[in-house]
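Undergrad: This is the structure, below, for whatever I ask next.
Just so it is clear, none of the values below were taken in a lab; they were calculated from the coordinates. A quick note: this is a predicted structure, and the numbers were derived from the prediction, not measured. Cβ: placed from backbone, ideal geometry, glycine included. Neighbour counts: every protein chain shown.
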């Protein structure tokens, strides 16, 4: 798409942020369970 | 296999499948002509938003039934669903402004949809803070149930806010009375992403429920 805006950086930022939030919560649950 | 282990492996499967959704969305789904690649934020933002709302509805339903039956499993589920809903709300409030900055030209606008979603996030935080602040288990469950029901009452307002007010936020293009206004390739990507967010919700709630149960058994012991 030649006339589409060049904003792939915003997409990448959102995808990385989502992965980080989900991974951080998964690790948090795992560590809390391991402490029990 | 314990509930915690089942939840752990469900989450692992969900995270691996999310990687597959990333590949499909970025490589195999067409770029939207007007918004460019940033439109693909939609495949994460909207499923997370739907589960932010559904998680609060489930908190509310569990809370209503809890007030009648006084079954601690319902209170434990509501607590787990609220914590996972908070995480999904954080995704919504992170990805939304990133999309807004490139498409609207601003990170944030105080319109009805954005403001009510932010309010729902604060309500989630308040719910979790309330649970941490009340020592007596019976009172904690009752107070939290009342707040959970209030949160559930907010959800229809959030969903309908784009119809009730003039908002900058786009109107629904999937969850609306008529057929989704998306080409099939984009719709399939969205449906796959929604299915993966569902797996993640289930996996997280199973783990958080098991953690709550272990804490209660520890307190009893």
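Undergrad: So, in the range B:1-21, exactly how many residues are surrounded by 19 or more Cβ atoms within 10 Å (Cβ to Cβ) and under 16 Å from residue A:17 (Cα atoms)?
TA: Matching residues across the range B:1-21 total 2.
Undergrad: Kindly list the number of the only condition in (1) more than 10 Å from chain A (Cβ to nearest Cβ); (2) touching a residue at least 60 places away in the same chain (Cβ under 8 Å) that fails for residue B:36.
TA: Failing condition for residue B:36: (1).
Undergrad: Could you tell me whether any residue of the range B:102-120 is under 19 Å from residue A:28 (Cα atoms) and in contact (Cβ under 8 Å) with a residue 12 or more places away in the chain? It would help to see each step written out before you state the result.
TA: Going residue by residue through the range B:102-120, those that are under 19 Å from residue A:28 (Cα atoms) are none.
Checking the range B:102-120: not a single residue is under 19 Å from residue A:28 (Cα atoms) and in contact (Cβ under 8 Å) with a residue 12 or more places away in the chain.
Undergrad: Looking at (1) surrounded by fewer than 20 Cβ atoms within 10 Å (Cβ to Cβ); (2) at the interface with chain A (Cβ under 10 Å from one of its Cβ atoms), which is the one condition that is false for residue B:133?
TA: The failed condition is (2).
Undergrad: Which members of the range A:1-22 meet the condition of being more than 7 Å from chain B (Cβ to nearest Cβ) and in a helix (DSSP H, G or I)?
TA: Those that are more than 7 Å from chain B (Cβ to nearest Cβ) and in a helix (DSSP H, G or I): A:9, A:12, A:16, A:19, A:20.
Undergrad: Just to be sure before I move on: is residue B:148 over 30 Å from residue B:22 (Cβ atoms), free of Cβ contacts under 8 Å to residues at least 12 places away in the same chain and out of contact with any strand residue (DSSP E or B) (no Cβ under 9 Å at 6 or more places or on another chain) in the structure I sent?
TA: Details: over 30 Å from residue B:22 (Cβ atoms): yes; free of Cβ contacts under 8 Å to residues at least 12 places away in the same chain: no; out of contact with any strand residue (DSSP E or B) (no Cβ under 9 Å at 6 or more places or on another chain): yes.
No.
Undergrad: Give B:87, B:64, B:57, B:92 a once-over and let me know the one that is touching a residue at least 40 places away in the same chain (Cβ under 8 Å), under 23 Å from residue B:157 (Cα atoms) and more than 13 Å from the chain's Cα centre (by Cα). Even if it seems obvious, please write down each step before you answer.
TA: On the way: B:87 fails: more than 13 Å from the chain's Cα centre (by Cα); B:57 fails: more than 13 Å from the chain's Cα centre (by Cα); B:92 fails: more than 13 Å from the chain's Cα centre (by Cα).
It is B:64.
Undergrad: If you don't mind, another one. Filter the range B:87-110 for residues that are in contact with a helix residue (DSSP H, G or I) (Cβ under 8 Å, 6 or more places away or on another chain) and farther than 30 Å from residue B:211 by Cβ and give the result. So that I can check it myself, show each step before the final result.
TA: Residues of the range B:87-110 that are in contact with a helix residue (DSSP H, G or I) (Cβ under 8 Å, 6 or more places away or on another chain), as a first pass: B:87-96, B:98-99, B:101-103, B:106-109.
Once the filter is applied, which keeps residues that are in contact with a helix residue (DSSP H, G or I) (Cβ under 8 Å, 6 or more places away or on another chain) and farther than 30 Å from residue B:211 by Cβ, the range B:87-110 yields B:98, B:99, B:101, B:102, B:103, B:106, B:107, B:108, B:109.
Undergrad: Considering B:64, B:84, which residue is within 21 Å of residue B:209 (Cβ to Cβ) and surrounded by fewer than 21 Cβ atoms within 10 Å (Cβ to Cβ)? Break it down stepwise before answering.
TA: On the way: B:84 fails: surrounded by fewer than 21 Cβ atoms within 10 Å (Cβ to Cβ).
Only one candidate qualifies: B:64.
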